[in-house]
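Some notes on the structure that comes next.
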Amino acid sequence: MKSAPNVVMIGPMGAGKSCIGRRVAERFGLSFVDVDHAIVEHAGASISTIFELSGEAAFRAHEREVLQRLLSGENRLISTGGGAVLDAANRQALHAQGFVIHLHVSVATQLERLHRDRSRPLLQRPDREQALHALAQARDPLYREIADLHLDTDHLSPAEATAHLVTRLAAAWQPRTTTHA
């Protein structure tokens with residue numbers, strides 16, 4: 001059993017991190033925080049706008065800062081963006097301050113789930129399938145490196161995935177709070 005102040009969901013876009021994360025947070029009495037939404041609030045601009053005006057590097061800097069702030073708290077379920085694991089400092093912080101759940105999904109399922117989505121900057125291209133394969137190849141090893149628990153969400157509804165995670169999380173995670181003297 002791992003003791004950690006927060007639960008963190010990592011994985012590719014379309015895996016269900018936000019949808020399933022909200023449900024799991026409610027079951028455990030945790031505050032749910034979506035890192036992408038927190039970045040928008042922090043930067044005062046949409047993710048697409050940040051990418052367009054400042055580039056991916058600027059977005060990743062916002063992501064690192066917001067993630068560090070969120071991980072310094074406790075009793076949160078934090079849903080990260082798919083690329084949060086690209087930064088070595090983020091991976092170290094996620095592993096140290098969170099019980100990390102890797103939600104996996106196949107590229108075929110991602111294409112189904114994201115076929116109408118036009119808001120994700122890394123998918124604004126005609127070769128979406130190729131882009132998702134490239135992202136998976138680069139990121140999957142990093143997800144696996146830091147995850148405390150893995151769940152494939154391909155053939156699970158949000159309710160089924162939540163039920164699996166609640167049972168497995170209760171057996172593997174111990175909330176840790178910091179005491180202030």
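We did not get these values from a lab; they are worked out from the coordinates using the rules stated. The model shown is predicted, which means the values in this text are computed figures rather than measured ones. Note: ideal-geometry Cβ built from the backbone for every residue, glycine included; neighbour counts use all protein chains shown.
How do Met1, Met9 line up, fewest other C-beta atoms within 10 Å first?
Exposure proxy ranking, most exposed first: Met1, Met9.
Where does the charge balance sit around Ala57 when Lys and Arg score +1, Asp and Glu -1, over other residues with C-beta under 15 Å from its C-beta?
-3
So who's got an amide H within less than 5 Å of the one on Ser79, skipping anything under 5 residues away but keeping other chains? H placed 1.01 Å off N, in plane.
Result for Ser79 returns Met9, Val33, Asp34, Val35.
Taking Cα atoms of the chain, Rg/Rh with Kirkwood Rh, to two decimals?
With Rg and the Kirkwood Rh in hand, the quotient comes to 0.95.
Given only helices, namely DSSP H runs of n ≥ 4 each adding -39500 (n - 2.57), what is the per-residue ellipticity at 222 nm of the chain, to the nearest 500 deg cm²/dmol?
Calculated from helices alone, the mean residue ellipticity at 222 nm is -16500 deg cm²/dmol.
If neighbour count is taken as other Cβ atoms inside 10 Å, put His150, His104 in order from fewest to most.
Starting with the residue having the fewest Cβ neighbours, the order is His150, His104.
Pairs of Cα atoms under 8 Å, at least six residues apart: use those to get the relative contact order of the chain, whole percent.
Relative contact order here is 38 percent.
So which residue, out of Pro12, Pro141, Pro126, gets the largest mean-square fluctuation from a GNM of the chain using Cα contacts under 10 Å as springs?
Pro126
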